[in-house]
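Quick one: this structure, given as structure tokens, is what I'll be asking you about.
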Amino acid sequence: MATIKATMPGVFYRCPSPGAEPYVAEGSDVSEGQTIALIEVMKTFNEVKAEVSGTVTKFLIADGDEVSMGQDIMEVDGA
Amino acid sequence: MNGLIVHTGGLYTTVQDTGRDGYYEIGMPPSGALDQFSYRAANLLVGNPEGAAALEATYIGPELEFTDDRLVAVTGADVPVTLSGEPVKPWETIPVKAGDVLSFAMITGGARVYLAVSGGIGVPDYLGSRSTYTLTGLGGFEGRKLADGDRLPLGERPVGTAPAPGSGVSESLRPSFPEVAELRTVVGLCSYRLTDAALRSFLETTWKVTKDADRVGYRLRGGTLDFVEREQPFGAGSDPANVVDLGYPVGSIQVPGGDEPIVLLNDAVTGGGYATIGTVISADRDRIAQTKTGDQVSFVSVDIDQALAARRERRERLDRISNELKE
């Protein structure tokens, strides 16, 4: 199992825009390089990409929460 | 042409130098490296003039390939660095060859990394500076942050003796990143707008850096400040934080609405109608530059003599580095 970490601090969002469907849901599959969330910092929304492929087992942070650099975001069960 | 091949640009990497001084009165802020100490030290480590153009990377460093023999140095934030996969040390003179690739891992302390290359970044000079001012898209490399695939020109390698590979800056001369960054501040110009209790509260509060923290300014959170009641003067806005327009010193702190103080930095607007309640001294703008979203800062009141002494002390630290590297 791999844990994806935030590479920058800011505010964490699971959806591309307010009210939109989340990028990924728990239990769904992601592939390496896929956008899984946004982090807003320095007036820009930066895409967070999956560093591994696999199944998302758990989000470790809620939509709209503040996130710090290096904080665990999501657990992925490697394919 | 020899230069740097930008494999990845990182999050926000720009060309910066000592800044574009002399145009403040026409509304152009100086830009320039936010942490001047780390930036200048990086140049000294590669034998450049202290004010040569270098790269400033925020939060996520770039990945760069070299196309000829150079000396490089990485300073500023704590970050693991590799050269073609092998770990190399920050705050040291690192020789590189054509084809070498410099990469950064995740920052472990601080916020901004400086990378100097012998010869400097050879972008054209604009109004006396190579600093990037992204808001109007001028200076630096095409007036913008680096993007994947860019090719950055480098200057001629300096003639004369450069520091030997492996030369370094003593641990004691490098910046530290405490849990709460103390920012020495000269209170004024419009601190008369705050109540006595509010000014005390401003100095006693530990403030948190919000997500809105970049080269323009740092927005903080942690308390609410009350303004003295007054009759709105002619020419001032209706917010209690408004005054008749004035020039904003670089480093000045304004508090629109009484909460969320904003510290204006090198790319900020040069004037306006908000009361500036204090100014972070130049030496400690290096320190705020190395705080990131979520970090804590506090303000410590100093007078102008203490501010100038701190500036001299920073100059002496750079001179000590310069002397150590000549030994």
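Roughly to the nearest percent, how much of the accessible area of the protein assembly as shown is carbon and sulfur, given a 1.4 Å probe? Each step should come with its number before you reach the end.
Values: 8680 of 17410 Å².
The computed percentage sits at 50.
Still on this structure, please answer the following. Given H placed on each backbone N at 1.01 Å, which residues far from B:Val300 in sequence or on other chains put an amide H within less than 5 Å of it?
Under 5 Å from the amide H of B:Val300 lie the amide H atoms of B:Leu183, B:Arg184, B:Thr185, each far enough along the sequence or on another chain.
Now, a different point. Based solely on C-alpha atoms, express the radius of gyration and the Dmax of region B:180-311 in angstrom.
Cα radius of gyration and Dmax of region B:180-311 are 13.7, 40 Å respectively.
Follow-up question, since we're still on this one. Which residues belonging to region B:276-302 lose at least 10 Å² of 1.4 Å-probe accessible area when the assembly is complete, relative to their chain isolated?
Hits at the 10 Å² cut-off: B:Lys292, B:Thr293.
Okay, moving on. Rounded to whole Å and sorted largest first, list the principal axis extents of the Cα atoms in region B:262-327.
Largest first, region B:262-327 extends 50, 30, 23 Å along its Cα principal axes.
Over the protein assembly as shown, what is the percentage of antiparallel beta bridges among all DSSP beta bridges, to the nearest 5?
Around 95 percent of the beta bridges assigned by DSSP in the protein assembly as shown are antiparallel ones.
Could I ask something else about it? I need two numbers for region B:72-169: Rg to one decimal and Dmax as a whole number, Cα atoms only, in Å.
14.7, 40
Over chain B, average the accessible area per residue using a 1.4 Å probe and give it in Å², no decimals.
In whole numbers, chain B has 41 Å² accessible per residue.
May I ask you to list the trypsin sites (Lys or Arg not before Pro) in region B:29-109 that are in a DSSP loop and have at most 13 other Cβ atoms within 10 Å of their Cβ?
Numbers: sites: B:Arg40, B:Arg70, B:Lys97; in loops: B:Lys97.
Answer in residue order: B:Lys97.
Something else about it: Normalised radius of gyration for chain B, please: alpha carbon Rg relative to 2.2 N^0.38 Å, two decimal places.
In units of the globular-protein estimate, chain B measures up at 1.02.
Could the peptides B:21-29, B:292-300 be put in order, highest first, of the mean number of other beta-carbon atoms found within 10 Å of their residues?
B:292-300, B:21-29
A:Ala25 to B:Arg320: FRET efficiency via 1/(1 + (r/R0)^6), r the Cβ-Cβ distance, R0 35 Å, to the nearest 0.05?
The formula returns an efficiency of 0.05 here.
Let me ask something additional. What's the whole-number percent of alpha carbon pairs in the protein assembly as shown lying beyond 35 angstrom?
I get 31 percent for the Cα pairs in the protein assembly as shown exceeding 35 Å.
Just from the alpha-carbon atoms, what are the Rg and Dmax of chain A in angstroms?
Answer for chain A, Rg first and Dmax second: 11.4, 35 Å.
Using r as the Cβ-Cβ distance of B:Asn2 and B:Leu203, and R0 as 51 Å, what FRET efficiency do you calculate, to the nearest 0.05?
FRET efficiency, B:Asn2 to B:Leu203: 0.50.
Another question about this same structure. Quick one: grab the alpha carbon gyration tensor of region B:139-195, order the square roots of its eigenvalues as a ≥ b ≥ c, and give me rounded if a/c is under 1.5, else prolate or oblate depending on whether a/b is larger than b/c.
Oblate.
The values are calculated or read from the model by the stated rules, or taken from the named source; none is laboratory data. For clarity, every value in this text was computed on a predicted model and none was experimentally measured. When we count neighbours, we look across all protein chains shown, and the Cβ atoms used for this are built from the backbone with ideal geometry, even at glycine. Side chains included, ligands, DNA and RNA excluded: accessible areas come from the protein's heavy atoms. Shrake-Rupley method; radii C 1.70, N 1.55, O 1.52, S 1.80 Å.
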